[in-house]
Amino acid sequence: MAVSMVLPTMLSAEPHVVGYERFHAGEPSFDGGAILYSELGCANCHGGSIVVTERKGPSLENISNRVDRDWVKAFLKDPDSMRSGSTMPSLVDELSGDEIDALLAYLASLETSAKYPTARHANAEGGSALFHEKGCVACHAPTPDFKPPHGGGDVVVSPLAVSLPDLQAKTHFKALAAFLISPSDFRPDGRMPHVPLEQQEAMDVAAHLLDFQSSNPRDDAKPIAPWPKTTKAEIAKGLELARQLKCAKCHELPGVDSHSIKRAGGAGGCLSANPVKSVPRYDLSFEQRESLKIFLASGGKGEELAHLTLAAMNCYACHERDGVGGPIPEANGYFIGEESLGDSGRLPPPLTGIGQKLQDDWLKGVLEGDVEKHVRPYLKTQMPGYPNQAEKLAKWLVEKDQGSALADWPTDEVNLDAGRKLLGTHGGVNCITCHHWGEKMSLGIPALDISSLDERLRPEWFHQYLLNPASYRPGTLMPPLWPGGQSTVPDVLGGDAEQQIAAIWGFIADGEGEPEGFPDFRPGQFELIPEDRPVIQRTFLNGSGTKAILVGFPGGVNLAFDGLKGRPAMVWRGRFFDAYDTWFVRKIEFQHPASDDVFPFEETESEIRFRGYYVDESGNPVFMLEHEGRTYEEAYSVTDGMLYRKVMWQEGEEPSITHPRDVEVDRVVADNLVNFVYSWR
């Protein structure tokens, strides 16, 4: 199927549907009409979409606690004025002011007891980096002051970019952060995916989008104005209006029926120049209107092409399939990762034959957003999740792609010893030169882990890929190890390419041990040992979180400080820390102290903000903290096997302090200073 690429300039108020604009806006077409019919919600009233995934409107529950009332009112009157390119039609332009107020009263009655996350701090600058690196700019415009890592030059905004509303006018910090954490809670089958964000990362991105000027949400976060109280009569009137306007066709509304509607396109209908009252009004371009007419004239009957669904879902913003799609030039430079792997190390993989490539459960997990299914940790832009569409999409992709699969490969018993040899560097094809094997790092560039490919890939796809990697991903660094089906290793299994590939698969699936060629690793080879000065190391530490600051003092006493919560987390005696995983493993798990003699600090309920640290002339750390607007410092040092903790502040009462369990504590107080000495009997 030939697909033309068009980049129109948005000068009018027509709805903006990326899959249509990118591939079908040049001239009216059936395919363009099919995408619009889905993405404008036509199918919600009239049925018959050939796009696999539904497209309905967002949840309106609890809207009065999430969205400003004036913003909602203005949006209902003219959706495009509040978000350029909105796919929401105009429905209420013929309603009186009292009627619109009644409709808003009904929406306010949909309040729930939903709770939104809170934050002790938010870093807008860090949120900007996440916004531009996690994949947001694949769909949305970059901010003007953020330069792409690749390409350089001035920021160029694509006409395909999905616009954002004035978020400061629309919503508040907590609600926006909650949306970023789990978009499907608010838009069950919308096109905004679950970007893999931890809660604090979502807070930071929200701070960036709301342009916070400080790191304290309480300084910048402004709640929306309370919606006015309503009466039962107003709510009942609004409910009746919602029925008349058929709002339940696109939104889940309790108490509002959703009756079928005749096929679109008749006199006074949605596509008419003069639609009747209560009919959705779309300010369509000529090409959009004609595309919809072509689709409707066919009776909505057409081939269920994979292209249509992938274009409607905007999967092409990141991926290409069969040569179509992939990042547009304006967004390409924001995809970053492992430079040594070329574009394969920074751009998401193709979707060509994906239903033939991945095992059913793995494909479903990937589409759900399961981070355990992310096998390319070197990609900054991680695969987002579509939890509500994942099962349907996975099944559909498998049905689309299974036609060319090989049956029951491999068919014969395989030689596992040969597979081990072939994977290694001692007379093999050197797979481990580039690929990790479990926790064993590759010997060269850091390509993905191949030790569990059998859990992820279908064996027949693996067979075809090894015979010709470039056919799947042109330009890949993966070499053709069996060019033309001929082996480059003639002394293993008689040089039989089929047996060799089967042996490699067999060892991955059933072999024990590891391929030949990994160097010996001695435990303790990268152990940090404080001698003359303290050693400071940042890492993920179990019990201290993802922003742990480890301090090893000469004398065998060590400290872990939780930089996220702004508190000491644990102290331990003996060996300090082995840094091998922190330094060399790219998908680092939570680490542990090198000793079991650990004493955790008691938890505190105080909201303490960590403001950084510095070291004194002896190398001892001094942590800078803030609590309820007051700043103070904590300095740590070790003498004669005892841990000294000095807390210093300028004014007010002594900060709230917790101590490690099962440790002797001596306390010495002076003006705006208190010393604690921790010792062990």
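The values are calculated or read from the model by the stated rules, or taken from the named source; none is laboratory data. Only a predicted model underlies this, so the values are computations on that prediction, with no experimental measurement involved. All Cβ positions, glycine included, derive from the backbone under ideal geometry; neighbour counts span all protein chains shown.
Please return the ranges of helices (runs of 4 or more DSSP H) entirely within the range 167-232 where 3 or more residues are over 17 Å from Cys136 (Cβ atoms).
167-170, 173-181, 217-220
Is it the case that some residue within the range 8-19 is within 12 Å of His307 (Cβ to Cβ) and at pLDDT 95 or above?
Looking through the range 8-19, at least one residue is within 12 Å of His307 (Cβ to Cβ) and at pLDDT 95 or above.
Does the range 529-546 hold any residues that are touching a strand residue (DSSP E or B) at 6+ places or on another chain (Cβ under 7 Å) and touching a residue at least 60 places away in the same chain (Cβ under 8 Å), and which are they?
Pro534, Ile536, Thr546
For the range 290-312, which residues satisfy the criterion of being touching a Pro at 6+ places or on another chain (Cβ under 9 Å) and crowded, with 19+ Cβ neighbours inside 10 Å?
Ser291, Leu292
Return a yes/no flag: does the range 269-285 have any residue that is part of a helix (DSSP H, G or I), farther than 26 Å from Leu397 by Cβ and modelled with pLDDT of 85 or more.
Scanning the range 269-285, I find no residue that is part of a helix (DSSP H, G or I), farther than 26 Å from Leu397 by Cβ and modelled with pLDDT of 85 or more, so the answer is no.
Evaluate the following for Ser158: is it assigned to a loop (DSSP other than H, G, I, E, B) and among the polar types (S, T, N, Q)? Outline the logic, then answer.
On the way: assigned to a loop (DSSP other than H, G, I, E, B): yes; among the polar types (S, T, N, Q): yes.
Against the criterion (assigned to a loop (DSSP other than H, G, I, E, B) and among the polar types (S, T, N, Q)), Ser158 qualifies.
Name the residue, out of Thr582, Thr546, that is closer than 30 Å to Gln382 by Cα, assigned to a strand (DSSP E or B) and of a type in the set (S, T, N, Q).
Within the list Thr582, Thr546, the selection yields Thr546.
Could you pull out every one of the helices (runs of 4 or more DSSP H) wholly within the range 449-506 that has 1 or more residues that are crowded, with 18+ Cβ neighbours inside 10 Å? Before the answer, list the steps.
On the way: elements: 453-456, 459-467, 469-472.
Qualifying helices (runs of 4 or more DSSP H): 453-456, 459-467.
Given the conditions (1) at pLDDT below 95; (2) farther than 24 Å from Ser340 by Cβ; (3) of a type in the set (Gly, Ala, Ser), which single one is not true for Gly517?
If we test Gly517 against (1) at pLDDT below 95; (2) farther than 24 Å from Ser340 by Cβ; (3) of a type in the set (Gly, Ala, Ser), just (2) comes out false.
Has the range 319-337 got any residue that is buried (at least 19 other Cβ atoms within 10 Å of the Cβ), assigned to a helix (DSSP H, G or I), out of contact with any Gly (no Cβ under 8 Å at 6 or more places or on another chain) and touching a residue at least 12 places away in the same chain (Cβ under 8 Å)?
yes
Okay, residues lined up against (1) under 27 Å from Glu201 (Cα atoms); (2) touching a strand residue (DSSP E or B) at 6+ places or on another chain (Cβ under 8 Å):
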position: Ser81; (1), (2): no, no
position: Leu91; (1), (2): no, yes
position: Gly97; (1), (2): no, no
position: Leu110; (1), (2): no, no
position: Arg120; (1), (2): yes, yes
position: Gly127; (1), (2): yes, no
position: Pro144; (1), (2): yes, no
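Quick one: which residue in Val665, Val622 is free of Cβ contacts under 8 Å to residues at least 24 places away in the same chain, surrounded by fewer than 18 Cβ atoms within 10 Å (Cβ to Cβ) and within 20 Å of Gly545 (Cα to Cα)? Lay out the reasoning, then the answer.
Values: Val665 fails: within 20 Å of Gly545 (Cα to Cα).
Val622 is the lone residue from the list that is free of Cβ contacts under 8 Å to residues at least 24 places away in the same chain, surrounded by fewer than 18 Cβ atoms within 10 Å (Cβ to Cβ) and within 20 Å of Gly545 (Cα to Cα).
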